[in-house]
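Quick notes on the structure that follows.
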Amino acid sequence: CLQELRTIGSEVPPGVYLPSNPEAIVISLIPESGAPMQSAAKAPYRATFRVQTVGIEQVERCAHSNSELMKDFSNQYYQMAIFKVGDDVRQDILALQLMRLFQNIFEQEGLELYLYTYR
């Protein structure tokens with residue numbers, strides 16, 4: 001597990017983001033943070049990433065132009081993610097993104113409705 005994380009961590013291309021947090025790009029993967037979790041069925045493991053909040057527009061711009069974003073170290077933090085073999089989380093991520101979108105709309109319109117998502 002740790003060796004594979006080292007391999008992946010050394011090859012993170014610019015503009016990659018975690019689906020649970022599309023406003024932040026992955027700066028690096030912390031290979032030594034990898035830890036298997038208890039579950040015989042799906043073999044989950046946890047990994048920690050160093051990410052930088054840049055906003056969705058900049059992530060899209062970086063993806064379209066293949067350019068690398070400026071690394072602002074004051075805007076970086078660590079974020080954990082859990083990965084499972086054969087687990088398709090696309091619907092979960094879509095639901096989280098829609099909840100965030102609606103929360104932004106509610107705030108812009110001055111509505112006192114709140115949606116809280118986990119990250």
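Per-structure values
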read-out	value
Segment residue 99-residue 58, extension gain: residue separation times 0.36 nm, minus the distance between their alpha carbons	12.7 nm
Calculated P(r) tail over 16 Å for the range 20-63, as whole % of Cα pairs	52
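Laboratory data are not the source of any read-out in this text; all were calculated from the coordinates shown. Note that the structure is a prediction, hence the values are computed from the model and not measured.
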